[in-house]
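Structure first, commentary second.
The values are calculated or read from the model by the stated rules, or taken from the named source; none is laboratory data. As the structure is a computational prediction, the values presented were derived from the model and not from experiment. Glycine gets a Cβ as well: all are built from the backbone with ideal geometry, and neighbour counts include every protein chain shown. All accessible areas refer to the heavy atoms of the entire protein, side chains included, with ligands and DNA or RNA removed. Shrake-Rupley method; radii C 1.70, N 1.55, O 1.52, S 1.80 Å.
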Amino acid sequence: MRGRLWRASNPNLPKAERERLVNMLMDARRAVGAALQAGDHAAEKQARRNVHSAKVALGERGPVWWDDAAPDFNRFLLKNTPYAEK
């Protein structure tokens, strides 16, 4: 997205757990939108914390879920990574 790399969810999560976490993430994202629309800053802050928690649980943020010692280029500009086209 816009030239940045984004970490994928952990593919080793059991299907039911992944679905539960994705639902949690979508609920939290909807709560962010509702809080923004209502102008409720406290609710927005809590909803954004919930988004972050869901993303960490999915493996999209936080400690890496892979074990091959490959570096984490999450949120790096593509052009600043070894994946850039030379």
Would you confirm, using the coordinates I've provided, whether Asn74 is open to solvent by 70 Å² or more (accessible area, probe 1.4 Å) and either more than 11 Å from the chain's Cα centre (by Cα) or modelled with pLDDT under 95 (or both)?
no
Show the residue pairs that are 6+ apart or on different chains and have beta-carbon atoms under 7 Å apart, the first residue being within region 1-27 and open to solvent by 60 Å² or more (accessible area, probe 1.4 Å) and assigned to a helix (DSSP H, G or I), the second being modelled with pLDDT of 95 or more and not basic (Lys, Arg).
Met24/Ala54
